[in-house]
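Read through the structure below, which is laid out as structure tokens, and then see the notes.
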Amino acid sequence: SPGRVLVLALDGIDPDVVDLLVSEGKLPNFERLRRAGASGRLVSEKPLLSPIVWTTIATGKPPVRHGIGDFVAVDARTGERRPVTSRMRRVEAVWNIFSEAERSVAVVGWWATWPPEQVRGAVVSDHTAYHFMFPEGFAGEETGSTWPPELAQEIAPLLQKPGDVTAQDLAPFVTISPEELDRPFDFEDDLQHFRWALATARSYRDIGLKLWREERPDLALVYIEGTDTTSHLFGHLFRAQGLAGELAAQQARYGRAVEEMYVFADRLVGDFLAAMDDRTTLAVLSDHGFELGALPDDPSVTRDLRRVSERSHRLEGILYLYGNGVRPGVRFEKPRILDVTPTLLAVAGLAPARDMPGRVLSEALSLPGGGPQRIATYEKGSKGRAEERAENGDPAGDALVEHLRSLGYLGSGSGSDRSPQGDRTLAALHFREGRLAQAEALYAKLVAENPEDAALHASYAGVLGVLGRSGEARRHLEKALALDPLNAEAHHNLAVLYERAGERERAVEEYQKALRYDPRYEPSRDALVRLTGSGVARPSETPAEEKARALAEQAADKARRGDYDGARADLDEAARVAPRYALVYQYRANVAYLRGDEAGAIADLEKALELEPENALYRENLRRLREGSASRPPG
């Protein structure tokens, strides 16, 4: 019969890593879920950004319906970026549906739950873990972090601060000296940032267990972010082989942090398994996977131990169901994030709605009569959810923005970083799903508001091209490339226009430029394979240049692993073999930069640009290096 539902949300847990560690006997509780429950790889949707995906999971609605399009929104009055809030969500979440059905709920740490909504039960919002960073309190904040407000005092003893995480607590994860614990907190300090992630995870675990045991809600959702943060900080070190130099030193200090965080997550699952009764159905899931142990093409991004924002995310996460009403040993066939809310409702004996696109994962469930029939909707018009203006006096929001910026999700706060990224995401989703009129209208608005944003011009041109407005599209692409010559999307969309006009050679040239400036840009790679049979963005080479390229790529592999001396030796040989091959000097500049020799990097790029004066990549990198050097005081 329908009973209680418990959801453990583990951000960024990767199914391949779970499989590996289960096979090694290191995750006994995940192994138990797999053996005695139902499991599969949860298929997410791009963009793989936590507030978007977790809101989709909690509502059963896609982003164009629920309205959350990014980590932050822009305050129209100040231009400042503020974290997304519960007021921006346009539809009912599963905790609203349960509450209105007179079922009790407990929500802990879930994205975009501040300000906390009034529910039948408890909300510990996503701002709660930031409160302990401000001992002076929250002067000027109008809305507390919990519902009911008095719950904040009740859970205060369970909130751990980064400083509460001791050397003994850290010992399984990292190898550090005692003196390092005395540094003041700063999200840019990787050790202190990890202490925050671990303190937050332990706080939300303990709060979730308290509410589950004492309040006995019909539905509990507990979100743990630390698994994702740890992967962003140290994921490139996970079981990476053959590291040298500074990367080897990093691995000696932090190389086991990710694996031990998975072990921590397994113990957390065990804690909640022990707190379950026979009326409980447990769901354990992640919003996406994470590429671990793969060093990036550009090794400079590992200098501060950090990967590059969401590029490390993978589309598949995990999903386990266990307990009351779950058939043991079932393997899901590509469950989607949109399937989660309909399934949770069906497990609880509540009707999924027909305006929820997902399905009930009935193959894993024993539902009386096949489960409840769908109703039309749970929505009540607009719910009064207007576009949110930033709350004044919200230091927790400031801390959240700083956390996101330090992980690479947000830029420096100038230029296009100040434009409304959520609207960009929604416009892109409209375009991807074929709603061209909505996409065109939103992009037109965004371009008018941000006329110096190259990326917006490029995206708008793509929509205009599909609508057959080629002249307008080309004008926007020319503007995009004038603003940013390295914009891969602009080169790609220009190539599409050339191809449609029958100008194959010019199309190939632009596809090659797109791929040269962004080697990960798959649309251009696919187009080159289709047109030329090769997805390589380079012209024909002489035998000497082919040999030099092989040496340069060998050097790049050594540089990725921290062997800068070995990389430089290979590049010196490449320059001897092909002294007028510009690519060699680009690679030499990269290695010089990694070694801290900015003057050498500038000299090598000047040589590369002398050999290929039309190469925008060399020109832009040289400009950035010169500007960076000029902005620093001598000595």
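The values are calculated or read from the model by the stated rules, or taken from the named source; none is laboratory data. Source: prediction; values computed, not measured. Ideal geometry is used to build each Cβ from the backbone, glycine not excepted, and the neighbour counts take in all protein chains shown. Surface accessibility is based on the protein's heavy atoms, side chains included, excluding ligands, DNA and RNA. Shrake-Rupley method; radii C 1.70, N 1.55, O 1.52, S 1.80 Å.
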Restricted to region 11-32, and to residues that are part of a loop (DSSP other than H, G, I, E, B) and open to solvent by less than 20 Å² (accessible area, probe 1.4 Å), which residue is farthest from Glu225 (Cα to Cα)?
-> Leu27
Could you check, for region 530-537, whether at least one of its residues is touching a helix residue (DSSP H, G or I) at 6+ places or on another chain (Cβ under 7 Å), in a helix (DSSP H, G or I) and surrounded by 16 or more Cβ atoms within 10 Å (Cβ to Cβ)?
-> no
Region 159-188 residues that are at negative phi, paired with ones that are open to solvent by 70 Å² or more (accessible area, probe 1.4 Å) and modelled with pLDDT under 90 (beta carbon under 7 Å, 6 or more apart) = Pro162/Phe185; Ala167/Pro178
Members of region 505-520 found to be closer than 13 Å to Leu494 by Cβ and surrounded by fewer than 20 Cβ atoms within 10 Å (Cβ to Cβ), listed by number = Arg506, Val508, Glu509
Within region 33-62, of all residues that are open to solvent by less than 10 Å² (accessible area, probe 1.4 Å) and at pLDDT below 95, the one nearest to Ala112 (Cα to Cα) is Pro51
Got a number for residues in region 213-239 being of a type in the set (A, V, I, L, M) and either under 15 Å from the mean Cα position of the chain (by Cα) or open to solvent by 10 Å² or more (accessible area, probe 1.4 Å) (or both)?
-> 2
Test: residue in region 27-40 that is of a type in the set (S, T, N, Q) and in contact with a helix residue (DSSP H, G or I) (Cβ under 9 Å, 6 or more places away or on another chain) | yes
Residue within region 561-577 that is charged (D, E, K, R), surrounded by 22 or more Cβ atoms within 10 Å (Cβ to Cβ) and either farther than 25 Å from Leu237 by Cα or over 33 Å from the mean Cα position of the chain (by Cα) (or both) present | yes
Answer yes or no as to whether Ala428 is aliphatic (A, V, I, L, M) and open to solvent by less than 30 Å² (accessible area, probe 1.4 Å).
-> no
Count of residues meeting criterion [crowded, with 22+ Cβ neighbours inside 10 Å and either among the polar types (S, T, N, Q) or touching a His at 6+ places or on another chain (Cβ under 8 Å) (or both)] in region 97-121 = 2
Quick check, is Gly79 modelled with pLDDT under 95, on the phi > 0 side of the Ramachandran plot and either open to solvent by 10 Å² or more (accessible area, probe 1.4 Å) or outside any helix (DSSP H, G or I) (or both)?
-> yes
For residues that are outside any loop (DSSP other than H, G, I, E, B) and open to solvent by 10 Å² or more (accessible area, probe 1.4 Å), scanning just region 240-253, find the one that is nearest to Ile207 (Cα to Cα).
-> Arg253
Unique residue being of a type in the set (A, V, I, L, M), open to solvent by 20 Å² or more (accessible area, probe 1.4 Å), touching a residue at least 24 places away in the same chain (Cβ under 8 Å) and out of contact with any strand residue (DSSP E or B) (no Cβ under 6 Å at 6 or more places or on another chain) when the list is Ala555, Ala550, Ala544 | Ala544
